[in-house]
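Following: one structure in structure tokens, then a few remarks.
The values are calculated or read from the model by the stated rules, or taken from the named source; none is laboratory data. Note that this is a predicted model, so its numbers are computed, not measured. Backbone-built Cβ (ideal geometry, glycine too); neighbour counts: all protein chains shown. Accessible surface areas use protein heavy atoms only, side chains included; no ligands, DNA or RNA. Shrake-Rupley method; radii C 1.70, N 1.55, O 1.52, S 1.80 Å.
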Amino acid sequence: MQQDSARRSNRDRTDATRAALIAAARALFVDKGYAATGTPEIVGAAGVTRGALYHHFADKEALFRAVVEQEAEVVAAGIERAAPSKAADLASALSAGGRAYVEAMREPGRTRLLLLDGPAVLGRTVMDEIDGRHGNRTLREGLAAAIRAGAIAPLPLDALTGLLGAMYDRATLAIAEGAPVEDQMQVLDAVVAGLSPHR
């Protein structure tokens, strides 16, 4: 019993240290950018030792990747809450999911992390893998369900997911630069509506 308690306690400490490092790194990466953030600042902000950082992450890039992965996971969870895959009106669910993505990306720093610094630091291939597990996964699943139900035209799924995902990313970048959200959403919703085979 004591051994289980000690194991749990160690795991809790490990999880807390990892969470502190990710939170501190996120704040610094958003504030200063990846290149201008040093590991001494991160460990200082997290209140841990340099050894603790390297126990959890091979290097600064590995920590950045963990930050990006966590951000992408949060975005996907928001999309799934807004547009459940079992929705009756799949075309509306796609639109709701797109709006949820745009809203989730308005969290301060998230556009920088996922759309600017992420590809620059980790490369497009790694970012595509991360997105494929999170945001683009939700989009692909929604599109596949809508195609199966006849709510949208049976287009090549990989191409459709990639191109629509790129449109949502571009809209997010425009909003971050001050473009009106509703202008971007009006166009995105029109594109999704245009996928209907009954037009």
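Residue check: residue 71 meets all listed conditions (1) farther than 27 Å from residue 34 by Cα; (2) in contact with a helix residue (DSSP H, G or I) (Cβ under 7 Å, 6 or more places away or on another chain) but one, namely (1).
Listed by first and then second residue, the pairs with beta-carbon distance under 6 Å, at least 6 apart or on different chains, first residue in the stretch 100-113 and closer than 15 Å to residue 80 by Cβ and surrounded by 16 or more Cβ atoms within 10 Å (Cβ to Cβ), second modelled with pLDDT under 95 and among the small types (Gly, Ala, Ser), are 100/78; 100/82; 104/78.
Filter the stretch 145-157 down to residues that are in a helix (DSSP H, G or I) and free of Cβ contacts under 8 Å to residues at least 12 places away in the same chain and give me whichever is surrounded by the most Cβ atoms within 10 Å (Cβ to Cβ).
Looking at the filtered set, the residue picked out is 147.
Taken over the stretch 121-144, residues that are touching a residue at least 40 places away in the same chain (Cβ under 8 Å) and either crowded, with 18+ Cβ neighbours inside 10 Å or farther than 21 Å from residue 80 by Cβ (or both) amount to 12.
Among the residues in the stretch 14-25, are any over 30 Å from residue 142 (Cα atoms), in contact with a Phe, Trp or Tyr (Cβ under 6 Å, 6 or more places away or on another chain) and open to solvent by less than 60 Å² (accessible area, probe 1.4 Å)? Within the stretch 14-25, not a single residue is over 30 Å from residue 142 (Cα atoms), in contact with a Phe, Trp or Tyr (Cβ under 6 Å, 6 or more places away or on another chain) and open to solvent by less than 60 Å² (accessible area, probe 1.4 Å). Which of the residues belonging to the stretch 42-68 are farther than 15 Å from residue 29 by Cβ, free of Cβ contacts under 8 Å to residues at least 12 places away in the same chain and among the hydrophobic types (A, V, I, L, M, F, W, C)? Matches in the stretch 42-68: 58 only. Looking at the structure I just gave you, is residue 88 outside any helix (DSSP H, G or I), at pLDDT below 95 and surrounded by fewer than 21 Cβ atoms within 10 Å (Cβ to Cβ)? It is true that residue 88 is outside any helix (DSSP H, G or I), at pLDDT below 95 and surrounded by fewer than 21 Cβ atoms within 10 Å (Cβ to Cβ).
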